[in-house]
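Input: a single structure, listed below in structure tokens.
Throughout, read-outs are computed from the coordinates displayed, never taken from laboratory work. Please read these numbers as outputs of a predicted model, since none were measured by experiment. We place every Cβ from the backbone using ideal geometry, glycine too, and count neighbours over all the protein chains shown.
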Amino acid sequence: MTHAADNSRRSIPELIGSVFRQGAELMRTEGMLARSEMSEKMAHMGTGLGLLVGGAVLAMPALVILMQAAATALTESGMAPYLASLIVGGLSLLLGLMLLAMGSNWLRGHNFMPERTLQQLQYDANAARNASHNVRSDYVEKRDP
């Protein structure tokens, strides 16, 4: 038996009740999809943050030693110590700002929107609109002989 044939034998209150039940089930399903997708996005973000923190903790001491070595090398080549430190510090600051900008872009909110859920909700809304239109059309056709 087709779905349309089944609906033709049901009363209006039954159809309305069915719509509400199906709507509630759809909302539960969409909620589960949204939670699942957000959980996936948060895990991705957590991994990114963990890698950033771990890298920073390990790289900081090494970077300080390397900057000191670069400043010492410039000083031994005849440059004034303050100028060598200024050059090495300035380059380090520039690199650090570039990395901060890249990290900020990585963590922007639009990267963590639940796109699949939003697409599914749009699809479901269109399907509900079409189904509602079909039910109204069938009802009008049955009333007008």
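Of note:
- Extending 7 Å from Cα along the Cβ direction at residue 38 and again at residue 26 yields two label points whose distance is 2.1 nm.
- Length gained when the stretch residue 15-residue 59 is fully extended (0.36 nm per residue, less Cα-Cα span): 9.4 nm
- The string of couplings for segment 13-23 from the Karplus curve (6.51, -1.76, 1.60, θ = phi - 60°) is x, 5, 5, 5, x, 5, 4, 5, 5, 5, x Hz, one whole number per residue in order, with x for Gly and Pro.
- Segment 46-135 shape via C-alpha gyration tensor axes, a/c threshold 1.5: prolate
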